[in-house]
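Colleague: Below is a structure I'd like to ask you about.
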Amino acid sequence: LLSPALMFALTLAVGLSLAALTLLPAYEMTGYTARAHMPYDEASRYSLPPAALTGLLVPDLYGRGPAGFWGTWDRVEVGYLGVLPLVLAGLVLLLRRDRMSGFFAFLAIGGLLLALGRYAPVHRLFYRYIPGFDRVRVPARALILFDFGVAGLAALGLDALLRPLGDRVGAAFRRAVRLLPWLGGATLIIVLLLSRRILTPARSFPANDYERIAGAANRGLVVFALLLAASLIWLWARGKRWRRRTLGLLAVILVTVDLVGLGMNVEVCTYD
């Protein structure tokens, strides 16, 4: 235990020493700015509300970009990762339990709890006890940690599925494949019910606005259903032992179509 601890301490000392050229003057400078005494209400602005987490599955429910957003909170991006990566990230916890997957899972959960800001106790604890956090706003930006963690889990899941599975892991995968259609159907029903509840306040909007919001939400639900079905078909193909190179290529194509297709117009505005 001593050797890794010393190596970590040495790495931390060297990193902080190199960064001190920027960190120390910046820390001193903030004492003369409006962030010197930032109250928690201000520091926790642009938190990620739990209701926005539906955007991890259907990013169009609350509109995307400044022009289409209609939620009741300060707009923040949800960090949409795609459907297949979420499925792979969930599967890897069944297929692979080691330090690497544990690290990425810890990073994802911690980043999400921190991004929730005022809606979870983690950010308030950081604000009180971690130096510098009382001078930083927009907790939702911690979603970069969540996205990185889930992307790492998805990569490990894909890597595990493209390799020969052992007896224990293979049995767990076969059980998961049998359950996934039921879990996928239940997830789709829950998302449909949630989306109907989410769209209820929009009924009081002008007719044109409601039609635009409902149309975008319906298209998003259809896209989610198709992507979920494609992800389940990919897992079925893995169970049928398709060639690993073909499966890997199909996974990359599916994720690329998903992320590029749904993300190509985000944050595209007509003003400077």
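Colleague: Just name one of Asn265, Phe224, Ala207: the one whose Cα is farthest towards the positive end of the charge dipole of segment 200-272 (beta-carbon charges, Lys/Arg +1, Asp/Glu -1).
Modeller: Phe224
Colleague: While we're on this one: Along the charge dipole of segment 1-104, Cβ charges K/R +1 and D/E -1, which of Val58, Thr72, Phe103 sits furthest on the positive end?
Modeller: Phe103
Colleague: Can you give the Rg/Rh ratio of the chain, where Rg is from the C-alpha atoms and Rh is the Kirkwood radius?
Modeller: On the Cα set of the chain, Rg over Rh gives 1.02.
Colleague: Can I ask one more? Out of the total accessible area of the chain (probe 1.4 Å, heavy atoms of protein only), what percent is carbon and sulfur?
Modeller: About 67 percent, which is the carbon plus sulfur part of the accessible surface.
Colleague: Where nothing but the Cβ of Lys and Arg (+1) and of Asp and Glu (-1) is charged, how large is the charge dipole of segment 58-202 around its Cα centre, in debye to the nearest 20? Don't jump to the answer; show the numbers that get you there.
Modeller: On the way: 18 positive and 8 negative charges, 61 e Å.
Using only the charged Cβ atoms, the result is roughly 300 debye.
Colleague: Ok, one more. Rg and Dmax of segment 1-160, Cα atoms, in Å?
Modeller: Rg then Dmax for segment 1-160, in Å: 18.4, 55.
Colleague: Continuing with this model, one more query. Is any helix in the chain, taking whole DSSP H runs, at least 30 angstrom long along its axis by alpha carbon and on average at least 0.5 on the Kyte-Doolittle scale, and which ones?
Modeller: 2-30, 167-199, 207-239
Colleague: Over the Cα atoms of segment 1-94, what radius of gyration and what Dmax do you get, in Å?
Modeller: Cα radius of gyration and Dmax of segment 1-94 are 20.6, 55 Å respectively.
Colleague: Out of segment 237-270, which trypsin sites (Lys or Arg not before Pro) are coil in DSSP terms and have no more than 16 other C-beta atoms within 10 Å?
Modeller: The qualifying sites are Lys240, Arg241, Arg243.
Colleague: How high is the relative contact order of segment 137-257? Use alpha-carbon pairs under 8 Å, at least six apart in sequence, and give a whole percent. It would help to have the intermediate numbers written out before the result.
Modeller: On the way: 28 pairs, mean separation 41.6, N = 121.
Here the relative contact order equals 34 percent.
Colleague: Two decimals, Cα atoms only, Kirkwood Rh: what is Rg/Rh over segment 171-242?
Modeller: 1.18
Colleague: Which of the three applies to segment 120-272, rounded, prolate or oblate, going by the alpha-carbon gyration tensor with a ≥ b ≥ c and a/c under 1.5 meaning rounded?
Modeller: Taking the square roots of the gyration eigenvalues as a ≥ b ≥ c, segment 120-272 is oblate.
Colleague: Let me ask you something else. What size of dipole, in debye to the nearest 20, comes out for segment 160-272 about its Cα centre when the only charges are +1 on Lys and Arg C-beta atoms and -1 on Asp and Glu C-beta atoms? Write down the numbers at each step before the final one.
Modeller: Details: 16 positive and 6 negative charges, 207 e Å.
Once rounded to the nearest 20, the dipole reads 1000 debye.
Colleague: Could I ask something else about it? Work out the length of the dipole vector of the chain about its Cα centre, built from +1 on the beta-carbon of each Lys and Arg and -1 on the beta-carbon of each Asp and Glu, and round it to the nearest 20 debye.
Modeller: In debye, rounded to 20, the chain gives about 1240.
Colleague: Right, next: Could you work out how far apart the two model spin labels at Val177 and Thr11 are, taking each label as a point 7 Å from the Cα in the direction of the beta carbon, and quote it in nm?
Modeller: 3.8 nm
Colleague: Also: Can you give me the Cα centroid spacing of segment 1-60 and segment 192-263 in angstrom?
Modeller: 33 Å
Colleague: Would you kindly give the portion of the calculated P(r) for segment 152-203 that falls above 13 Å, as a percent of all Cα pairs?
Modeller: More than 13 Å apart: 71 percent of the Cα pairs in segment 152-203.
Colleague: Give the residue from Leu2, Ile198, Leu113 lying farthest towards the positive end of the charge dipole for the chain; charges sit on Cβ (+1 for Lys and Arg, -1 for Asp and Glu) and the dipole is referred to the Cα centre.
Modeller: Ranked along the dipole, the leading option is Leu2.
Colleague: Give me the number: length gained by fully extending Phe148 to Arg241, i.e. 0.36 nm times residue separation minus the C-alpha to C-alpha distance, one decimal in nm.
Modeller: Taking Phe148 through Arg241 to full extension adds about 30.6 nm, to one decimal.
Colleague: While we're on this one: Taking 7 Å along the Cα-to-C-beta vector as the label spot, tell me the Leu249-Ala67 distance in nanometres, rounded to one decimal.
Modeller: 3.8 nm
Colleague: Just to be sure I understand the curve: with the Debye formula and one point per C-alpha of segment 1-41, what is log10 I(q)/I(0) at q = 0.18, 0.32, 0.34 Å⁻¹?
Modeller: Each listed q maps to, in turn, -0.65, -0.97, -1.01.
The values are calculated or read from the model by the stated rules, or taken from the named source; none is laboratory data. Remember, it's a predicted structure, so these values are computed and weren't measured experimentally. We place every Cβ from the backbone using ideal geometry, glycine too, and count neighbours over all the protein chains shown. Surface accessibility is based on the protein's heavy atoms, side chains included, excluding ligands, DNA and RNA. Shrake-Rupley method; radii C 1.70, N 1.55, O 1.52, S 1.80 Å.
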